[in-house]
1. Being of a type in the set (Ser, Thr, Tyr) and touching a Leu at 6+ places or on another chain (Cβ under 7 Å) is the filter here; which residues of the range 66-102 pass it?
2. Only one of (1) at pLDDT below 95; (2) over 16 Å from the mean Cα position of the chain (by Cα); (3) surrounded by 15 or more Cβ atoms within 10 Å (Cβ to Cβ) fails for Asn39. Which number is that?
3. So which pairs qualify, if the first residue must be in the range 48-69 and farther than 20 Å from Asp33 by Cα, the second must be of a type in the set (Ser, Thr, Tyr), the Cβ gap must be under 7 Å, and the two must be at least 6 apart or on different chains?
4. Any residue that is more than 27 Å from Pro38 (Cβ to Cβ), within 16 Å of the ligand (Cβ to nearest atom) and among the hydroxyl-bearing types (Ser, Thr, Tyr) - is there at least one of those in the range 139-151?
5. Take Gly68 and tell me if it is modelled with pLDDT under 95, within 12 Å of the ligand (Cβ to nearest atom), at negative phi and not hydroxyl-bearing (Ser, Thr, Tyr).
6. Quickly run through the range 170-186 and pick out the residues that are touching a residue at least 24 places away in the same chain (Cβ under 8 Å) and in a helix (DSSP H, G or I).
7. Identify the residue in the range 185-200 that is crowded, with 22+ Cβ neighbours inside 10 Å and more than 11 Å from the chain's Cα centre (by Cα) and, among all such residues, is nearest to the ligand (Cβ to nearest atom).
8. Restricting attention to the range 158-169, which residues are of a type outside the set (Gly, Ala, Ser) and within 18 Å of Leu26 (Cβ to Cβ)?
Amino acid sequence: SKRIKILDVPVDMVNNQQAMEIFKGLMERPGCDLIVTPNSEIIMNATRDPELKMLIEEAGLIIPDGIGLVYASKIIGQPLNERVTGVDFLNSILEYLEQNGKSVYLLGSKPANEERASVAELAGENMRIKHPRLKIAGTHDGYFKKQEEADLVKEINASGAEFLCTALGAPKQEKFIYEHRNELINIRAGIGVGGSLDVWAG
Ligand code: UDP
């Protein structure tokens, strides 16, 4: 597949099927690879946030999200022919994990309260309704302090999860994976999913 640049920020020209092929490759090799799904706003932010730009440049898979990037790619004469939506891609990932017996850790969104379990727990339960054999290795809410991150990384490692979903808002969720990539010893790939856990939780 081809990596093009929009405002000097790289994006991969892939359809859903090509994205999944690359994803499988990332899951088969050791080391924590970051998957990013930048929209136009993130691309703009990356031009003035060096860490964000670097983590996109080093990402294992860069899926352009949003119709704005499809237009931009046409303007620069390297059209992205097909949009991969974050929702479809996450579904394909969950299917792959289910079929291959690999587990996912869900990190982010609101904690439990008197009325309901945490968003990540509810999201996990609903994922298992759609993907009954999917293994949810663990969940944690997304409201933790910087000093708690080392323990959180230990918990993710102890869970045995090979895939990490972060829902902390962009670019915090991508920076969490990037900053801890060398400590997340069992994680093969991680993706920031924004508000998707809220959607899964219903
Ligand atoms: N979130 C979180 N911790 C934070 C900030 C946000 O877990 O410190 C969660 C929030 O509850 C929501 C998700 O991140 O489930 C996406 O948040 P937001 O809509 O603000 O993100 P954006 O749309 O800006 O990516």
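The values are calculated or read from the model by the stated rules, or taken from the named source; none is laboratory data. In this text the structure is predicted, and so the values were computed from the model without any measurement. Backbone-built Cβ (ideal geometry, glycine too); neighbour counts: all protein chains shown.
1. Of all residues in the range 66-102, those of a type in the set (Ser, Thr, Tyr) come to 71, 73, 85, 92, 96.
Ser73, the sole residue that qualifies.
2. Checking Asn39 against (1) at pLDDT below 95; (2) over 16 Å from the mean Cα position of the chain (by Cα); (3) surrounded by 15 or more Cβ atoms within 10 Å (Cβ to Cβ), the one that fails is (2).
3. Going by the 7 Å Cβ cut-off, the qualifying pairs are Gly66/Ser40; Gly68/Ser40; Leu69/Ser40.
4. Within the range 139-151, none of the residues are more than 27 Å from Pro38 (Cβ to Cβ), within 16 Å of the ligand (Cβ to nearest atom) and among the hydroxyl-bearing types (Ser, Thr, Tyr).
5. Values: modelled with pLDDT under 95: yes; within 12 Å of the ligand (Cβ to nearest atom): no; at negative phi: yes; not hydroxyl-bearing (Ser, Thr, Tyr): yes.
Here the answer is no, as Gly68 does not meet what is asked.
6. Taking the range 170-186 first, the residues touching a residue at least 24 places away in the same chain (Cβ under 8 Å) are 170-171, 173-178, 180-186.
Passing the criteria: Gln173, Glu174, Lys175, Phe176, Ile177, Tyr178, His180.
7. If we take residues in the range 185-200 being crowded, with 22+ Cβ neighbours inside 10 Å and more than 11 Å from the chain's Cα centre (by Cα), then Leu197 is nearest to the ligand (Cβ to nearest atom).
8. First, pick out the residues of the range 158-169 that are of a type outside the set (Gly, Ala, Ser): 162-166, 168.
Correct list: Glu162, Phe163, Leu164, Cys165, Thr166.
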